[in-house]
Amino acid sequence: MLEFLAAAVLALSPAETLSRLPAPEANQGVAVDPAFIYAVDNSTIAKYDRATGQKVAAWAGDPATFPHLNSCAVMGPELVCASSNYPSLPMQGSVEVFDPAAMTHLRSIAIAPQPGSLTWVDRRADGWWACFANYDGRGGQAGRDHRFTTLLRYDDKWKVTGVWTFPDSVLARFKPKSASGGAWGADGRLYVTGHDLPEVYVLELPRIGSVLKHVATIPVAVEGQAIAFDRSADRVLFGISRAKREVVAMKLPPVEAK
């Protein structure tokens with residue numbers, strides 16, 4: 001049965017690398033809008049002009065207050081970020097909202113503690129979606145490992161309305177870490193990255209049950225970490241190379257319906 005499930009996952013051609021932007025802050029992830037790129041580090045967000053590649057602004061927070069910004073996403077006029085206290089225990093997370101025009105912090109959204117470390121947040125028409133990571137070893141909590149990574153759906157009042165887990169085929173690639181990045185694509189599928197492998201996992205919500213369906217794996221030129229779609233372009237995904245401190249733009253191959 002497991003062999004059948006593994007065979008059903010599409011192995012797609014690699015994403016086309018479109019551009020690379022040197023950014024010392026490209027340590028946790030990236031966000032993007034039509035004009036700017038936002039490179040995310042633990043306590044810092046740097047804003048780069050997409051046309052020139054020049055840094056035009058930056059925000060720096062107190063590391064004691066912002067020890068681990070994991071990811072950010074541009075949502076309308078705001079930059080919405082997932083923040084955690086990794087590797088401290090017990091795990092705590094919050095959603096931090098910024099003004100990307102002024103590069104100022106606007107507000108914090110306190111969410112109820114969940115069994116995991118908040119790594120990314122995205123928005124769909126029906127609510128908020130957030131991933132809670134669990135780890136083997138450092139940053140992990142006794143009794144939980146990478147297999148306990150979960151996807152939660154919230155309503156606009158940040159009440160949980162759904163919970164999903166990841167399939168074994170993806171968890172095996174996360175091990176010993178977890179899901180570092182995720183974003184909903186325009187095709188209605190969920191695109192997720194792990195911590196250090198150069199792969200994007202394409203997932204769908206199941207029709208039955210609560211385990212996400214692994215549809216495809218796409219080789220990419222980034223080693224995990226947080227990702228962001230360029231909503232002004234077709235299937236253009238941004239990620240980071242932590243080793244090279246670069247922001248990388250990639251064109252994803254199409255995922256055929258199965």
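Put simply, of 210, 180 the only residue that is surrounded by 17 or more Cβ atoms within 10 Å (Cβ to Cβ), at pLDDT 95 or above and hydroxyl-bearing (Ser, Thr, Tyr) is 180. Checking each residue in the range 81-107 for being surrounded by fewer than 22 Cβ atoms within 10 Å (Cβ to Cβ), in a strand (DSSP E or B) and aliphatic (A, V, I, L, M) picks out 95, 97, 106.
Taking the conditions exactly as written (among the aliphatic types (A, V, I, L, M), on the phi < 0 side of the Ramachandran plot, loosely packed, with under 15 Cβ neighbours inside 10 Å and at pLDDT below 95), does residue 5 satisfy them or not? Before the answer, list the steps.
On the way: among the aliphatic types (A, V, I, L, M): yes; on the phi < 0 side of the Ramachandran plot: yes; loosely packed, with under 15 Cβ neighbours inside 10 Å: yes; at pLDDT below 95: yes.
Spelling it out, residue 5 is indeed among the aliphatic types (A, V, I, L, M), on the phi < 0 side of the Ramachandran plot, loosely packed, with under 15 Cβ neighbours inside 10 Å and at pLDDT below 95.
Quick check on my filter: what residues within the range 125-183 are over 18 Å from residue 201 (Cα atoms) and among the acidic types (Asp, Glu)? Let's see the steps before the verdict.
Just the residues of the range 125-183 that are over 18 Å from residue 201 (Cα atoms), to begin with: 125-128, 135-145, 153-163.
Hits for the range 125-183 are 126, 136, 145, 155, 156.
Each row is one residue, and each column tells you yes or no for (1) small (Gly, Ala, Ser); (2) buried (at least 16 other Cβ atoms within 10 Å of the Cβ); (3) out of contact with any strand residue (DSSP E or B) (no Cβ under 9 Å at 6 or more places or on another chain).
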site	(1), (2), (3)
125	yes, no, yes
128	no, yes, no
135	no, yes, no
142	yes, no, yes
146	no, yes, no
150	no, yes, no
154	no, yes, no
161	no, no, no
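Looking only at the range 63-74, residues that are touching a residue at least 24 places away in the same chain (Cβ under 8 Å) and surrounded by fewer than 16 Cβ atoms within 10 Å (Cβ to Cβ) come to 0 in all.
The values are calculated or read from the model by the stated rules, or taken from the named source; none is laboratory data. For clarity, every value in this text was computed on a predicted model and none was experimentally measured. Here the Cβ is made from the backbone with ideal geometry for all residues, glycine too, and neighbour counts use every protein chain on show.
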